[in-house]
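Below: one structure, written as structure tokens.
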Amino acid sequence: MSAAQPTPRLYTAEEYFALEEQSDLRHEYYHGEVFPLDGPTAMAGATFAHNTLKQNCVMALRQGLRGSGCRVFDENVRLGMEQDKQFTYPDVMVTCHPDDRRETRMARHPILVIEVLPASTEAHDRGWKFQQYQLLPDLQQYVMVSQNKVLVESYLRDSENEWKLTSLRQLTDELALPSVGLRVSLAAIYEDVEISLLRLAGSF
């Protein structure tokens, strides 16, 4: 008979916040369980390409939204979901909600979330994470940017609460961001990111 698996320790939200204050690593929180987001395994996908893609998205959004009252955050700002039963760190998010302006370390009402997809977390970001983001009542758009090929996928929530997918594969394409009233070229998103000509040509 195999040994019984130990029951994972459950943390309160306050205990989780205290852990984040004391730790050099970031952690995700889900209904009492805590999972490391950083460290050698989790950071395997945090290449120069990942960092550059994230920065390009942040820069384009900040330039386009300057003076709008909306705020653009990168992966160091925590997102609270499900009435604070879940916390995570999106690569990029935009919030225009007045309640979030009163916060100092966390947002709860993003209208746009962008994730840069390394191979190590792609399935997680496409599947489970997107399902969780759909629970955010204010979220209007979820964008996934591939790190390994020119591919940007945008899910936009319509008036029927359905998510409509648009896929872009050419550097000459423009990503429409109606959630924030902007358009960003894929050339700007992939600026200074080295991707092989084979992948640029559409070999996926």
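Since every read-out is calculated from the coordinates, none of them should be taken as a lab result. A quick note: this is a predicted structure, and the numbers were derived from the prediction, not measured. A quick note on method: Cβ atoms are made from the backbone with ideal geometry, for glycine too, and the neighbour counts reach across all protein chains shown.
Separation between the Gln83 and Glu191 pseudo-spin-labels, each 7 Å from Cα along Cα→Cβ, expressed in nm?
With each label placed 7 Å out from Cα toward Cβ, I get 4.4 nm.
Going Cα to Cα from Lys85, which aspartates and glutamates come in below 15 Å? Please leave out same-chain ones fewer than 8 positions away.
Straight-line reach from Lys85, under 15 Å: Glu14, Glu15, Glu28, Glu33.
Which whole-number percent of Cα pairs in the stretch 142-199 have a distance greater than 20 Å?
Details: 428 of 1653 pairs.
Counting every Cα pair in the stretch 142-199, those more than 20 Å apart make up 26 percent.
If you average the sequence gap of Cα pairs under 8 Å that are 6 or more apart and divide by the length of the stretch 46-200, what percent do you get for the contact order?
About 19 percent, as a whole number.
Below 19 Å, Cα to Cα, which lysines can Lys54 reach? Residues fewer than 8 away in the same chain don't count.
Excluding near neighbours in sequence, the set is Lys129, Lys149.
Need the full-extension length gain, Gln131 to Glu160, defined as separation in residues times 0.36 nm minus the C-alpha distance. One decimal, nm.
Details: separation 29, 0.36 × 29 = 10.44 nm, distance 1.69 nm.
Answer, rounded to one decimal: 8.7 nm.
Tell me the angle of helix 13-22 to the major Cα principal axis of the chain, expressed in degrees between 0 and 90 and rounded to the nearest ten.
Tilt of helix 13-22: around 70 degrees.
Contour minus end-to-end for Ala13 and Asp138, with contour as 0.36 nm per residue of separation and end-to-end as the Cα-Cα distance?
Result: 42.8 nm gained on full extension.
Compare the Cα positions of Tyr89, Leu65, Val184 along the charge dipole of the stretch 46-200 (+1 at Cβ of Lys, Arg; -1 at Cβ of Asp, Glu; about the Cα centre) and return the one farthest towards the positive end.
Leu65
Can you tell me the dipole magnitude for the chain around its Cα centre, using point charges on the Cβ only (Lys, Arg +1; Asp, Glu -1), in Debye to the nearest 20?
Dipole about the Cα centre, nearest 20: 380 debye.
Please report the base-10 log of the normalised intensity I(q)/I(0) for the stretch 70-171, using a Debye sum with one equal scatterer per alpha carbon and no solvent, at each q in 0.20, 0.21, 0.23 (1/Å).
Listed by q, the Debye log ratios stand at -1.05, -1.14, -1.32.
With labels modelled as points extended 7 Å from the Cα through the Cβ direction, what inter-label distance (nm, one decimal) is found for Met106 paired with Asp74?
Distance between the two pseudo-spin positions: 2.3 nm.
Please name which of Tyr11, Ser167, Gln132 has its Cα lying farthest along the dipole of the chain towards the positive end, using unit charges on Cβ (Lys, Arg +1; Asp, Glu -1) and the Cα centre as origin.
Of the options given, the answer is Ser167.
In degrees between 0 and 90, to the nearest 10, how far off the longest principal axis of the chain does helix 48-65 point, with axes built from Cα atoms?
Compared with the principal axis, the helix lies near 70 degrees.
Across 10 Å bins from 0, what is the distribution of all Cα-Cα pair distances for the chain, in whole percents?
The distribution over the chain is 8, 33, 36, 17, 5, 1, 0, given as percents.
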